[in-house]
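Accompanying notes for the structure given below.
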Amino acid sequence: MPNETKPNSPKENRFHYWRDKTVRWERLDNMAKVFPALVSREDSEVFRISCVLKESVHPGILEEAVLSAMEEYPLFSCTLRHGMFWYYLERTSYKPTVHEENASPCSPIYQNEPCRLLFDVSYYKNRVHLEVFHALCDGTGAFMFFRTVLTHYLTMLHRDVVPSAMPDIGIDSSGSEKAVDSFSQYYNKKRIKSKDIAGILGKERKKVYRLRGQKTHDLRLLVTEGCASVQAVKAAAKAEGVTVTVLTTALLIASLRDIMDPRDRQKPVSIAIPVNLRNYFPSDTARNFFGIVNIEYDFANGEDLSSICKSVTETLQQKLTLAAMEEIIAEQVKIEKFWLVRILPLGLKNFVMARYQTLSDNRRTICLSNMGKVDMPPELAEYVDSFLVINSSASKQVCICSYGDRMQVVFSGILAGRELERSFFRRLAAIDPSLTITTNYTGKEVEE
């Protein structure tokens, strides 16, 4: 249930929490500052990464693995606090408790509780779940931590097979390097387009198609997982002469067209795609370091998949450049640098942040997050079946990741309608007839 309380509440943990003059605190990164302002009953701003193992989970060993990973990632020992003007992270000595899954995916983590960690680890049978409040880190940072947890766990569990030394997972950076605020590091104010108040809050643009419909009566997050063959999807992308990212984006756009009323097809659709800025700027940070690229498509340019693929490719080629990424960082950081925003009390700041985000949301139809290929050390690969990502959303969101030959495409959100999922997976099944689909729908989501 969305309002169920996870373990590690303040009442349970107040004796484990400490604060004194030597306590360490850190500023939130630029992107993290907006998430506390956006938390609502409809969107917890939490995302989940799940690993499906080939054997049942041993909770005691998993908890030991989490504690070991936290030593390498001090950032995950932080809780969120606030002053008069800004939120900030404060290091605590609190230790998490691994528990059996007892709430809906992406249930609230941040509830203005000062002695609560910003992540949660649970399990169910052979699945391990890491849920993270987005103010702590982004998907890439969470995967860094999660892969470290799993590597410790599988190494401890299979001591008779795996060498005693921890296998290399390709992360060679210190705890302080993992906690760097790369937005501040690579901010270049010369890249700011506009410095007036209209430029700060954003200007209204042409209206795009928005997903609407009845929401689940208890605002429970509905999840639909589709598992396809990576090789089959790659072959289809190659046949179109595009990348997998372009193909999946085009499939989503075509699926949106399928469910749109004829009168709505005059509106463009806009797909928001998070971009990992570490691919453009040297950074080992585990904190938030991503930007958003919007892919707009007008069906007047063609309704067939090839036309959509061509347009998406051209748009990405224009927008995925180093100069464009520098501009994204500058545009994101400028709002916190603006003098009026800086002097506002936190309550008013939250209003401005929420307004800014509302304007951004009005310019997009849906968000598509592709985390790409997930790797595990070769010594441990045989124990892992797949990974998947789920994101909270007041509308709908799509998350994709792959492991081995298994590509997991996950739709999540509180909108009860399933037409978009049906259309998308129908198209994906034409590419891979072996596609499997699972969901947490019960048929009672819209009952009073």
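Give me the net charge for the shell around Ser402: Cβ to Cβ below 14 angstrom, other residues only, Lys and Arg +1, Asp and Glu -1. Could you put the intermediate results ahead of the total?
Values: positive: Lys234, Lys373, Arg406; negative: Glu225, Asp375, Asp385, Asp405, Asp432.
Net of charged neighbours comes to -2.
Counting only Cβ charges, +1 for Lys and Arg and -1 for Asp and Glu, the dipole size of the chain around its Cα centre is about 1740 debye.
Shown here for segment 228-293: chymotrypsin sites (Phe, Trp or Tyr not before Pro) in loop regions (DSSP other than H, G, I, E, B) with at most 16 other Cβ atoms within 10 Å, of which there are none.
Would you please name the GluC sites (Glu not before Pro) within segment 230-320 that are DSSP coil residues with at most 15 other C-beta atoms within 10 Å of their C-beta?
Listed in order of number, the matching sites are Glu303.
Could you work out the percent of alpha carbon pairs in the chain separated by over 39 Å, rounded to a whole number? When every Cα pair of the chain is considered, 19 percent fall beyond 39 Å.
Label segment 288-422 by shape, choosing from rounded, prolate and oblate, from the square roots a ≥ b ≥ c of the eigenvalues of the Cα gyration tensor; if a/c is under 1.5 it is rounded, and otherwise prolate applies when a/b is larger than b/c, oblate when it is not. Note, shape of segment 288-422 comes out prolate. With all protein chains in place and a 1.4 Å probe, the accessible surface of segment 64-191 carries 49 percent carbon and sulfur. Cross-link partners of Lys373 among aspartates and glutamates, defined as those whose alpha carbon lies under 13 angstrom from its own and excluding same-chain residues fewer than eight positions apart: Asp405. Diffusion coefficient (Stokes-Einstein, Kirkwood radius over C-alpha pairs, 4 °C, 1.567 mPa s) for segment 270-343: 90 µm²/s, rounded to a whole number. Antiparallel beta bridges, as assigned by DSSP with both residues in segment 338-448, represent about 60 percent of the total such bridges.
Applying both filters, DSSP loop and at most 15 other Cβ atoms within 10 Å, to the trypsin sites (Lys or Arg not before Pro) of segment 67-152 gives Lys125.
Pairs exceeding a 22 Å alpha-carbon distance, out of Lys310/Lys396; Lys267/Lys310; Lys238/Lys267: Lys310/Lys396; Lys238/Lys267.
If you take all other residues with their beta carbon under 14 Å from the beta carbon of Asp375, and give Lys and Arg +1 and Asp and Glu -1, the sum is -1. Cross-link reach is defined here as a Cα-Cα straight distance under 20 Å, omitting same-chain residues fewer than 8 places apart; for Lys207 the aspartates and glutamates meeting it are Asp258, Asp261, Asp264, Glu296, Asp298, Glu303, Asp361. Quick one: net charge of Gly170's neighbours, Cβ under 14 Å, K/R +1, D/E -1? Every neighbour counted, the sum reads -2.
Please sort 424-433, 225-234 by packing, taking for each peptide the average over its residues of neighbouring beta carbons within 10 angstrom, highest first.
Values: 424-433: 16.6, 225-234: 19.0.
Ranking the peptides 424-433, 225-234 by packing returns 225-234, 424-433.
With the highest mean first, a sort of the peptides 137-145, 210-218 on other beta-carbon atoms found within 10 angstrom per residue produces 137-145, 210-218.
The values are calculated or read from the model by the stated rules, or taken from the named source; none is laboratory data. This one's a predicted model, so the numbers in the text were calculated from it and none came from an experiment. Heads up, the Cβs are rebuilt from the backbone with ideal geometry, glycines too, and the neighbour counts pull from every protein chain shown. These accessible areas exclude ligands, DNA and RNA; they are computed on the full protein's heavy atoms, side chains included. Shrake-Rupley method; radii C 1.70, N 1.55, O 1.52, S 1.80 Å.
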